[in-house]
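Asks: So that we are looking at the same thing, I have put the structure below in structure tokens.
Rule-based calculations on the coordinates, nothing more; no lab input. Note that the structure is a prediction, hence the values are computed from the model and not measured. Every residue, glycine among them, receives a Cβ derived from its backbone with ideal geometry; neighbour counts consider all protein chains shown.
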């Protein structure tokens, strides 16, 4: 967010020599040696000074070889730390200079806010050859998979005493637009619809109780015991 210019702190300032106990200190504070700082384009965006932020283009530097088997090999000069961090984000390291692109790691990177286009740009800028079709297909597949399931927010899980009641509430014209059936005895209510669901549920003749729902107990065994006792009494 900021660029900082520093010089070695030792001897950078001399205006604290009159303070008792500082005679042998070569520097006094964490700010000794600080010459200036400036807000970067990202910092201006985060602070609300600018409405948009456009990242700087990735520097073109052919230091990687992207292979059809999804492996990425370092070539030439030693990789910079930033390139290693990027590779560790997108791929699994299989040796000191070899990484293999991995679907799970790519999905995790997208989940952390790194779009697949960022991966394409990085590989294109760092690759000494054109990106193989197998790699392109993997990136396309991950980009598609990352958009097929979306988080629609929080919801409350409501348990009903029996499947018939759950089906009744899920299909009633007053409540069905505020909930959906989940399994046999459960309803899912979006957090945004919770108040409306409770209101319309009262219109149906029920309410949401706190705690565990007591399910209806089967009465077959009780009827069987009653019949047996009547037979013995006879």
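Asks: Kindly provide the helix-only [θ] at 222 nm of the chain, computed as the sum of -39,500 (n - 2.57) over DSSP H runs of four or more divided by all residues, to the nearest 500 deg cm²/dmol?
Replies: -10500 deg cm²/dmol
Asks: Moving on. Over the chain, with a Gaussian network built from C-alpha contacts below 10 Å, which listed residue (30, 126, 38) shows the highest mean-square fluctuation?
Replies: Answer for the Gaussian network model of the chain: 30.
Asks: Same structure again: Please work out the Cα center distance from the range 62-99 to the range 116-144, rounded to the nearest Å.
Replies: 13 Å
Asks: Calculate, in nm to one decimal, what residue 141 and residue 195 gain on full extension: separation in residues at 0.36 nm each, minus their alpha carbon distance.
Replies: 15.5 nm
Asks: Follow-up question, since we're still on this one. Taking 7 Å along the Cα-to-C-beta vector as the label spot, tell me the residue 31-residue 6 distance in nanometres, rounded to one decimal.
Replies: That separation, rounded to one decimal, is 1.5 nm.
Asks: Just one of (1) 30.8; (2) 14.1; (3) 32.5 is mean projected area of the Cα convex hull in nm² calculated from these coordinates, so which is it?
Replies: Computed from these coordinates, mean projected area of the Cα convex hull in nm² corresponds to label (1).
Asks: With an 8 Å cut-off on Cα pairs and a minimum separation of 6 or more residues, tell me the relative contact order of the range 45-123 in percent.
Replies: Relative contact order here is 22 percent.
Asks: At 0.36 nm per residue, and after removing the present C-alpha to C-alpha distance, how many nm does the segment from residue 131 to residue 39 gain when stretched out fully?
Replies: Stretched out fully, the residue 131 to residue 39 stretch lengthens by 29.5 nm.
Asks: Run the quick spin-label model on residue 165 and residue 104: label points 7 Å from Cα toward the beta carbon, then report their separation in nm to one decimal.
Replies: Here the modelled spin labels are 4.2 nm apart.
Asks: Another question, then. Can you compute the FRET efficiency between residue 84 and residue 111 using 1/(1 + (r/R0)^6), with r the Cβ-Cβ distance and R0 = 22 Å? Round to the nearest 0.05.
Replies: About 0.55, to the nearest 0.05.
Asks: Moving on to the next point. Figure the gain on full extension for residue 210 and residue 121 (residue separation times 0.36 nm, minus the Cα-Cα span) and round it to one decimal in nm.
Replies: Additional length available on full extension: 26.8 nm.
Asks: Return the single residue from 200, 136, 89 with maximal mean-square fluctuation; model: Gaussian network over the chain, springs between Cα atoms under 10 Å.
Replies: 200
Asks: Hey, with R₀ at 22 Å, roughly what FRET efficiency would residue 92 and residue 149 work out to, going by the Cβ-Cβ distance, to 0.05?
Replies: Using R0 = 22 Å, I get an efficiency of 0.40.
Asks: Applying a 10 Å radius around every beta-carbon, put 67-75, 152-160, 49-57 in order of their mean neighbour count, most first.
Replies: The packing order, highest mean first, is 67-75, 152-160, 49-57.
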